[in-house]
Every structure is written in C-alpha cells, then in structure tokens.
Amino acid sequence: MNDDQLLRYSRHILLTEVGIEGQERLLGSRALVIGAGGLGSPIALYLASAGVGHITICDGDQVDLTNLQRQVVHRTDSIGKYKALSAQATLASINPDVEVVAVTERADDHRIGQLVADADVILDGSDNFATRHAVNRACVVRRKPLVSGAAVRLEGQIAVFPNRAGGPCYSCLYDDEDEWLGDCQGNGVLAPVPGVIGTLMAAEALKLLLGWESALHGALLLWDAKRGDWQRVALRRDPDCEICGHPRLSSP
Ligand SMILES: [Zn+2]
C-alpha cells in the first residue's frame, strides 16, 4: 500500500481483526454485486469505500425518478443512464483505487455463471426470483459464498450461504413458487429498509473476504422495521432441494 492508501484505510488497519494484511486481502478481492438498486446501492458504496479492489456491478435497468428515494448510489442527473454505469461513476468519485466493472445487460444463466466464477463473494440484491435462483444455482455449482438479502415494505432479511458441502442454499429456503416478497417492483418500501439490509450484506461480504466465519451461516435474520424487532431463524438444508441436493449438477 502507498502512503495515501495507508491513510485512507487507517481505520481498518487499526482494527486488530483487519490490519495491513487484511486490508491488502480486501484490495486483492473480487466482489460481484447483482442489482444496483436499493440493496445494491449501500453494498456498492461500502465495498468501494472499504477498498474491495475489484467490484463487478450487474444491472440491466436504467435510473428513473422513482428509484432515487432509496437507491442512494444514483444522482438526479443519472436519470436515464444505466444503473451499473451510474453506480460506477459514483464509486469512482469515492475511491479511485477500486476497479469497477459495469455490466449493463440483464444477465442470462450463462453470463451469471461466468460472473460468479470470477468472483470471491457474490451479493444478491436483485429484485426478482428468476435472477435470485439463477445466481444461487451458479454459486452452488461453483461453491462460491452468496450473501442474499431482500427488503420490501417495512421488512428486510439477510442470509449467508457459504455453499460448502452440507449447508443449506437459497433454494432450500425459497423454491421457485415461493412469493414471500413477490417481485419488489411495484411494492412500497421505506427508504432506509434496503439501506440497513444492504449495509449488513456489505459487512457480511467483508467478513467472508477477510476469512472470518459468518455468524449468519445457517441462519436467516429478519428485521421488522415498524416494530424495531430482529428475529433469527435457523435454516436447514432441504434434503430434497433440487439445487444443492444434486452435487453432480453440471455448470450451465
Ligand atoms: Zn438447497
């Protein structure tokens, strides 16, 4: 690290749990962020400010006026631009150390598989179940850690799936027909709810990149913003899960 980096990351370096070695590890790490919306915004902001060296942001949508109430990585003058490019521009102004790759397509299974293969950690803040299941499949097949979050109305949730042998996967929790959240588009959401959940997702990703055990492994954390309640639910692997129950599932 050069002198500017030692200053920029000094509050990390002061932590015995991080130190210079941990910060260098973050600078050499690769994170994939699916979705540059309400969850992806705080995720991208914190991963970049924390010095995760390579961040790929995948989102095929463009910024519109209704996004700005909660998608804090975008600016009013970004309306009409691709969200991935808008986020890339904001992150460059916060931390030019970080390489940010913007993927402006709605990635199909094959593309998601390629992106997952290149990442050390995957953060899914997408707004639809088809993408969530595609990301989960790719993470299970390639044994990549997945940090999954969701936020809608006044509720949020987060879970970490290390995808080592034996643990549950996202599909053990939600099968294709489940609609706890429905598609997030079209629902109301209190502005800071995705901010809280996305920020927790970024914290869990940093812990994974630093090689710490995730305290959320095998647990789902639920937040009721109206009541101010947190609830922790143990997750178990579904032995009939179509995704992680078939270890010989081939790559897409
Ligand atoms: Zn599973």
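Throughout, read-outs are computed from the coordinates displayed, never taken from laboratory work. Fair warning: this is a prediction, and the values are worked out from it, not measured in the lab. Methodologically, a virtual Cβ is constructed for each residue, glycine included, from the backbone with ideal geometry; neighbour enumeration extends over all protein chains shown.
Relative intensity of segment 34-138 on a log10 scale, I(q)/I(0) at q = 0.17, 0.19, 0.22, 0.23 Å⁻¹, equals -0.71, -0.89, -1.18, -1.27, per a Debye sum over C-alpha point scatterers of equal strength in the absence of solvent.
Considering only DSSP beta bridges whose two residues both sit in the chain, what percent are antiparallel, to the nearest 5?
On the way: 19 of 38 bridges.
That works out to approximately 50 percent antiparallel.
Cα centroids of segment 26-82 and segment 87-137: 9 Å apart. Between L220, L27, L65, the GNM of the chain built on Cα springs shorter than 10 angstrom shows L65 fluctuating the most. Convex hull volume of the C-alpha atoms in the chain, normalised per residue: 120 Å³.
Run the helix sum for the chain: -39,500 (n - 2.57) per DSSP H stretch of 4+ residues, divided by residue count, reported at 222 nm to the nearest 500 deg cm²/dmol. Display every interim value, and only then the final one.
Values: 9 runs with 86 residues, N = 252.
That comes out to -10000 deg cm²/dmol.
The packing ranking of peptides 143-149, 121-127, 78-84, highest mean first, is 121-127, 143-149, 78-84, where packing means the average number of other beta carbon atoms within 10 angstrom of each residue.
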